[in-house]
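Encoded as structure tokens, here's the structure I'll be asking about.
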Amino acid sequence: MRLAFDEAEHRDVAVRELRVPAELRESALQDARRAAGLRHASVVPVLDVVVEHEEPWLVMEFVSGTSLEKTVETRHPLPVQQAARVGVCLLSALRAAHEAGIVHGRVNPGNVLLTSTGRAVLTGFGLPGLGMRPQADMWSMAATLHFAVEGRPPGRAPAESTDAFRWLVRAMLDPAGPPPIEVVEDMLDRLAVQQTLGHVIAVGGPLPPQRVAEIGLSVLDQLAVLHAQGTHHGGVQPGNVLLGEDGHAVLATAPLPAPVSHVPVMPATIPAYTAPERVPGPAADLWSLGATLFAAVEGHPPAPGAPLARAGALAPILFRLLSGFPAHRPGPDALRKDLQAVADLF
């Protein structure tokens, strides 16, 4: 790879020699010329394919940026929201390529460039095909996003799904196959523009009781739909509650269907938000909701004997929700009424 100046078009370009055995040269040229027709905002375009002294060369647009690999290794892993934006760009680029009959085959952190404007672009198109299928690109994209937030490839032990983004990446890395691409796209779009409740608490500190009650109402409504369908969520925690610019809270749900009900459910919650009975179900979802609201108003998850110093009128509601006896927790109707009363106080 080298930088060059295109004298005919008066532009900087990157030039790469295609080093392939003579018997594969014609096939490599066909792949390269097919890639030269691909145009997308998140793809470093192949501008021309030339043969000099019987050696093929790729002429590519010069894009100023730093690779994702170098960015993470020299600085730090990306915040979830930025990683989701990278995912949006990569997924869009790969969908366009696959629709054109092109499989990248080399999606990795070194082939993802982060520009100064925040755009992520995928380079490496036009190289000889590796006989891979589109599904391989999707798995490699998930592994790349795992590297973006964890600073390491997934290996045999992908990061635990403690938030919606990591859960999505882990689902995409599942040997059984990734979730439907439409579900992946929708979740990445949400995560790219919405912050998780966990992030909001970590950056801004505890929220006022009224705001926490409003979040509780939104999450409760979504849980009620799942419970009415005979299933449960199983993963209510701050990292799975997305807050939109309008303040509405959305509970992230998994793309994989439950074995019996075929309703999307999340994997198990992390310990701090797991009900003491450790039996998944609607009652456990309510306990996890209480723990999530506790963290939102107090700034940390509940612990035995932890005081409710900031909860105000929300305190008795949280006390009942966090009961160790499922039967003592309020039902959805009573809980909705109590949360609404707190939300209407101010």
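Quick check on my filter: what residues within the stretch 41-69 are in a loop (DSSP other than H, G, I, E, B) and within 33 Å of the chain's Cα centre (by Cα)?
Scanning the stretch 41-69 gives ALA41, SER42, VAL44, PRO45, PHE62, VAL63, SER64, GLY65.
Which one of ALA295, ALA306 is out of contact with any Lys or Arg (no Cβ under 8 Å at 6 or more places or on another chain), modelled with pLDDT under 95 and aliphatic (A, V, I, L, M)?
After applying the criteria, what remains is ALA306.
Regarding VAL86, is this residue within 11 Å of the chain's Cα centre (by Cα) and among the β-branched types (Val, Ile, Thr)?
Answer is yes for this residue.
Is it the case, given these coordinates, that LEU38 is in contact (Cβ under 8 Å) with a residue 12 or more places away in the chain, more than 30 Å from the chain's Cα centre (by Cα) and surrounded by 15 or more Cβ atoms within 10 Å (Cβ to Cβ)?
Considered against the rule, which asks whether it is in contact (Cβ under 8 Å) with a residue 12 or more places away in the chain, more than 30 Å from the chain's Cα centre (by Cα) and surrounded by 15 or more Cβ atoms within 10 Å (Cβ to Cβ), LEU38 comes out as no.
Separate question: Exactly one condition in (1) among the hydrophobic types (A, V, I, L, M, F, W, C); (2) buried (at least 20 other Cβ atoms within 10 Å of the Cβ); (3) in contact with a strand residue (DSSP E or B) (Cβ under 8 Å, 6 or more places away or on another chain); (4) under 18 Å from ASP137 (Cβ atoms) is not met by VAL49; state its number.
(4)
Here is a check on your reading of the model: is PRO158 closer than 22 Å to THR196 by Cα, assigned to a loop (DSSP other than H, G, I, E, B) and not assigned by TED's automatic domain parsing to the domain that holds ALA32?
Yes.
Using the structure shown, decide if GLY247 is within 18 Å of ALA343 (Cβ to Cβ) and either in a loop (DSSP other than H, G, I, E, B) or at pLDDT below 95 (or both).
yes
If a residue has to be on the phi > 0 side of the Ramachandran plot and either in a helix (DSSP H, G or I) or touching a residue at least 60 places away in the same chain (Cβ under 8 Å) (or both) to count, how many in the stretch 272-291 make the cut?
Residues meeting the conditions: 0.
Any chance you could count how many residues in the stretch 1-19 are in contact with a strand residue (DSSP E or B) (Cβ under 9 Å, 6 or more places away or on another chain), in a loop (DSSP other than H, G, I, E, B) and hydrophobic (A, V, I, L, M, F, W, C)?
Result for the stretch 1-19: 2.
OK, next. Within the stretch 302-323, is there a residue that is within 30 Å of the chain's Cα centre (by Cα), part of a loop (DSSP other than H, G, I, E, B) and buried (at least 21 other Cβ atoms within 10 Å of the Cβ)?
Yes - at least one qualifying residue is present in the stretch 302-323.
Are any residues in the stretch 20-40 out of contact with any strand residue (DSSP E or B) (no Cβ under 8 Å at 6 or more places or on another chain) and part of a loop (DSSP other than H, G, I, E, B), and if so, which ones?
PRO21, GLY37, ARG39, HIS40
Then there is this: If only one of LEU217, LEU207, LEU223 is part of a helix (DSSP H, G or I) and closer than 21 Å to GLU245 by Cβ, which one is it?
Step by step, each of LEU217, LEU207, LEU223 is checked, and only LEU217 is part of a helix (DSSP H, G or I) and closer than 21 Å to GLU245 by Cβ.
If you don't mind, there's one more thing I want to ask. Any residue at all in the stretch 124-145 that is touching a strand residue (DSSP E or B) at 6+ places or on another chain (Cβ under 6 Å), of a type in the set (Gly, Ala, Ser) and in a loop (DSSP other than H, G, I, E, B)?
yes
Picking from SER323, SER218, which residue would you name as being touching a Leu at 6+ places or on another chain (Cβ under 9 Å), under 21 Å from VAL342 (Cβ atoms) and modelled with pLDDT of 90 or more?
Every option except SER218 fails the conditions.
Of all residues in the stretch 70-99, how many are aliphatic (A, V, I, L, M) and assigned to a loop (DSSP other than H, G, I, E, B)?
Residues meeting the conditions: 1.
The values are calculated or read from the model by the stated rules, or taken from the named source; none is laboratory data. Here the structure is a predicted model, which is why all the values come from computation and not from measurement. In this analysis, Cβ positions are derived from the backbone assuming ideal geometry, glycine residues included, and neighbour counts consider all displayed protein chains.
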